[in-house]
Each structure stands twice: as C-alpha cells, then as structure tokens.
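Colleague: Below are the structure tokens for one structure; questions will follow.
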Amino acid sequence: MNRRLLFAVMAATLICGASVFTACSSNDDNPAGQTDVSAISDKVWAYRQTHPDGFTLDIRTMTEPTEGIAVSYAATQNSHSRDQLDMVVSHALQHEGYVGGWLNGEDGLYYFDSTKLFPEDDLKGALQFGKENGQYSVFILSTYTDVPLDGKVAEIVGRGTIFFGTTGDYRPLSFCESDGTYWGFGIDVAGEIAKRLGVGIQFVPTSWPTLTADVQAEPQTFDLAIGGITITDARRETMLMSDGYLANGKTILCRAAEADRYKSLADIDKSEVRVMVNPGGLNEKFANENLTHATVIVHPKNEEIPSLIAEGEADVMITEITEAPWYVQNDVRLAAPLLAAPFTHGEIGVLMSKGQDDLLALVNDVIAQMKADGTLRRLHEKYGLIYAYE
C-alpha cells in the first residue's frame, strides 16, 4: 500500500471509527442528511433528562410525533449507556429517524431504541413487526397505550374479525332487522372499535337474561358485548366495563293521551297501573325494587313493548332515556313525560370478561378519541340523543 493510500485509510478510520454504525454514513444511507451522530446523541441524552417517563423523538427535527404506533428495532435493544446511544442514533438515521426512550423500573436504567412508526390504522402491521423484532408490546402514541403482542388485541387482529355480543332488541342502540342487519348507536361504536383494530366485525346474538353468562362463557362466544349495557358496580365486580359513551337513566313510556297522569314515580306505583318490562335486565330489576303496588308484567321481547303500551296491553314501560326518544319520535301514540327527570343516572359502556385488560384499554382509547374528535357528538345528533360529554 502506498503512503498516500495509507494516510487516506488512517484518516477514514480516525473519523469514522470501526463500528458498522458510524457517523460517516453517506447521504444515500442517511436520508436525513445528518452526519454528526455524536452531536445528535448529546441532544437525545439531554432530552431524556427532562422526559423521565419516556419519549418517542424524531431526531431529524428533535420533535415528538403525536400520532402513530411506535415499535422498537431488535438491532438496538439493551442500549442504555451514552456510548450505546451513538449506535442507536446511527441506526435511526439510516432507517426512519425515530428514537424511543424509556425508564426500566426494575433496574433503574434508561433505555434507548431505534424505532419504526406505523400509522394508527395499521395495528396489524405494527404487531407483526413487533413479533419479528422480539418485542413485548407496541405503543400507540396518541393515547399512550401499550398493546402487548400476546394479549387479546393481538389475538383479534391475528384472527381478522372481532365478535360483538348484542341483544339486537334495543332501538336505537342495537337492533337486528328481519334480514339480519344490525343498526344503532352501539353498532356504530362497535364499528369504530373494529376500525381501530383494522379487522372485520361480526355480531353474535345474546339476551338480557343470559348476558352475564354469555360474557363469561368459556370458551368465549364473543369478545365483548355492546348496545344499551349500563355500567354498574355489580357488573364491574365480575367483569370489565369500559368508560361510558352515552348518558343513561330510567324513565317511562306511556300513551300520549295519558302523559299528564304520570308526574313522578309515585304516580306509577299504584295498584291500577300496569307496568311492562323486558326480562333479565336492569329494567325488570328497577321495577321489582321500586314498584311494590303496581302490577309488573314481564314481556319476553323488549322491542314489542312500546307497541303493546300504545295498544293498551299495559300502561307504562320502564325504559331508558336512550330508548324512549326514538319511540316517541316514531309513534305519535307514545309519550315520555319524565324524560328530562330520569329516576336514575348512569352511563352505557362496553362489557367484556376479565383478563382482557389490553382490549379494555384499547376500547377506552377509542371512546376517548371519539369524544375528542367529535365523532361521539355526531352519533348523538344522528340518533336524537342528549350529548353529556362537554
């Protein structure tokens, strides 16, 4: 080797070092055009001092993206020292340009990874990449949600279909037409959950008397239940319930000609008043606990009760403020005189069996996003319901 060539090689070695992750990548290998890995690493190292809970950072602009699904590369795992951070930064510059940082509570070390970002509608791609790179979870940036690779969400995504149990008898929240088509507020919420997961959707019939048993069945007949399900402490003791997405409360339907007759619960709890409810749900429970003088009639099909009230087969239906407006709007024979003063106050949510905490977190994230972006308000307007999430 001649002296000029020897000096050239020595100079290259001094500048670039021996590591394959160098500060001297060409522009072809470094789409960000950054060459000073050490300087960028210094900035990232300082950044972690002010972000003890972790971060995902675009090191090309030193800004944190607010959307996407972050997944770490296997090539940069177990990197926590300042020297190892150079390797992480170099790898990131040669790939997507993102670095993630997180504090390991077990050993007290702050770890860094070169990170790939997926669109939030590509959870399937993110989970697959996570598996290929030996990760435990992927991270949704907009909602700060970890999605484990071996949890219920990953199972549903791998299957390609999410199964919702629903009664299909509760206009306008969940109703099944004679041709098998489902529609309603809850059905639309189910669609948003399936959309976030990137999977198809299938509805499985259940009933109010069998709802709890169906949710807890082993093997599972569906992943979760939706449509007019009130959040209660009793349900939360034995199952998982999401955050609320619709305000709820007990009220009545009666014949429009007799609307002035019912001004309070006491006006209903009289021996001459016939009250009709569907079996197995909270309507029947409310009637049995609060109407000790009225005649309580249990009718098996919830969707038939409003017409029976209008036709005189009973006088009052115990129902919800989520259901009553639809029937009043669609049947002039009916009225809901106590709609503005419900007997109870609560919310409707999504129900699922215990042990599906990752699915619960994702459902709650979808509900939160629907509140934030106006989707939930638009659904309330679509179905003529009162929006209570200001």
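The values are calculated or read from the model by the stated rules, or taken from the named source; none is laboratory data. All values reported here derive from a predicted model rather than from experimental measurement. Quick reminder, even Gly has a Cβ in these numbers, built from the backbone with ideal geometry, and neighbours come from all protein chains shown. Quick note on the areas: whole protein, heavy atoms, side chains included, nothing else; ligands and nucleic acids left out. Shrake-Rupley method; radii C 1.70, N 1.55, O 1.52, S 1.80 Å.
Colleague: I'd like to verify a number: residues in the range 344-385 that are farther than 27 Å from Glu237 by Cα, assigned to a loop (DSSP other than H, G, I, E, B) and either hydroxyl-bearing (Ser, Thr, Tyr) or touching a helix residue (DSSP H, G or I) at 6+ places or on another chain (Cβ under 7 Å) (or both), how many?
Modeller: The qualifying residues number 2.
Colleague: Just one of (1) of a type outside the set (D, E, K, R); (2) within 30 Å of Trp45 (Cβ to Cβ); (3) surrounded by 21 or more Cβ atoms within 10 Å (Cβ to Cβ) trips up Gly134, so point out which.
Modeller: Here Gly134 meets the rest and fails (3).
Colleague: How many residues, within the range 189-206, are open to solvent by less than 40 Å² (accessible area, probe 1.4 Å) and over 17 Å from Met241 (Cβ atoms)?
Modeller: 7
Colleague: Specify the residue that is farthest from Ile69 (Cα to Cα); the eligible residues are those in the range 161-171 that are within 17 Å of the chain's Cα centre (by Cα) and open to solvent by 20 Å² or more (accessible area, probe 1.4 Å).
Modeller: Among them, the one singled out is Phe163.
Colleague: Residue by residue through the range 273-323, note down the ones that are part of a helix (DSSP H, G or I) and among the polar types (S, T, N, Q).
Modeller: Correct list: Asn283, Asn288, Asn290, Asn302, Ser307.
Colleague: Additional query: Is there a residue being touching a residue at least 12 places away in the same chain (Cβ under 8 Å), closer than 18 Å to Leu351 by Cα and assigned to a strand (DSSP E or B) anywhere in the range 212-225?
Modeller: Looking through the range 212-225, at least one residue is touching a residue at least 12 places away in the same chain (Cβ under 8 Å), closer than 18 Å to Leu351 by Cα and assigned to a strand (DSSP E or B).
Colleague: Same structure again: All but one of (1) open to solvent by less than 30 Å² (accessible area, probe 1.4 Å); (2) in contact with a helix residue (DSSP H, G or I) (Cβ under 6 Å, 6 or more places away or on another chain); (3) assigned to a loop (DSSP other than H, G, I, E, B) hold for Thr251, so report the exception by its number.
Modeller: (3)
Colleague: Now a separate question. Looking at this structure, is Pro279 under 30 Å from Asp223 (Cα atoms), loosely packed, with under 15 Cβ neighbours inside 10 Å and out of contact with any strand residue (DSSP E or B) (no Cβ under 9 Å at 6 or more places or on another chain)?
Modeller: Judged against the criteria, Pro279 is not a match.
Colleague: Kindly provide the set of residues from the range 340-390 that are open to solvent by 60 Å² or more (accessible area, probe 1.4 Å), of a type outside the set (Lys, Arg) and within 23 Å of Ala213 (Cα to Cα), ordered by number.
Modeller: If the condition is that a residue be open to solvent by 60 Å² or more (accessible area, probe 1.4 Å), of a type outside the set (Lys, Arg) and within 23 Å of Ala213 (Cα to Cα), then Glu347, Gly355, Asp357 are the ones that fit.
Colleague: Further question on the same structure: Of these, Ala324, Ala294, which one is surrounded by 14 or more Cβ atoms within 10 Å (Cβ to Cβ) and without any contact (Cβ under 8 Å) to a residue 40 or more places away in the chain?
Modeller: None of the other options fit; the residue is Ala294.
Colleague: Hey, another quick one. Among the numbered conditions (1) closer than 23 Å to Val296 by Cα; (2) under 27 Å from the mean Cα position of the chain (by Cα), tell me where Leu339 comes up short.
Modeller: That leaves (2) as the condition not met.
Colleague: Looking only at the range 366-390, which residues are without any contact (Cβ under 8 Å) to a residue 40 or more places away in the chain and either of a type in the set (S, T, N, Q) or closer than 17 Å to Glu120 by Cα (or both)?
Modeller: Ala372, Asp373
Colleague: Answer yes or no: is there a residue in the range 324-343 that is modelled with pLDDT under 95, touching a helix residue (DSSP H, G or I) at 6+ places or on another chain (Cβ under 9 Å) and in a loop (DSSP other than H, G, I, E, B).
Modeller: Checking the range 324-343: at least one residue is modelled with pLDDT under 95, touching a helix residue (DSSP H, G or I) at 6+ places or on another chain (Cβ under 9 Å) and in a loop (DSSP other than H, G, I, E, B).
Colleague: Contact list please: Cβ distance under 7 Å, first residue in the range 170-191 and touching a residue at least 60 places away in the same chain (Cβ under 8 Å), second residue of a type in the set (S, T, N, Q) and not in a strand (DSSP E or B), pairs at least six apart or on different chains.
Modeller: Cβ pairs passing all conditions: Tyr170/Asn302; Leu173/Thr322.
Colleague: Here is a further query. Can you tell me how many residues in the range 209-230 are open to solvent by 30 Å² or more (accessible area, probe 1.4 Å) and either over 18 Å from Lys152 (Cβ atoms) or in contact with a strand residue (DSSP E or B) (Cβ under 9 Å, 6 or more places away or on another chain) (or both)?
Modeller: Of the residues in that region, 7 qualify.
Colleague: Before we move on, is Pro209 modelled with pLDDT under 95 and at negative phi?
Modeller: Yes.
Colleague: Please pick out the residue among Asp150, Asp121 that is closer than 19 Å to Gln369 by Cα, open to solvent by 50 Å² or more (accessible area, probe 1.4 Å) and either small (Gly, Ala, Ser) or in a loop (DSSP other than H, G, I, E, B) (or both).
Modeller: Of Asp150, Asp121, the one residue that is closer than 19 Å to Gln369 by Cα, open to solvent by 50 Å² or more (accessible area, probe 1.4 Å) and either small (Gly, Ala, Ser) or in a loop (DSSP other than H, G, I, E, B) (or both) is Asp121.
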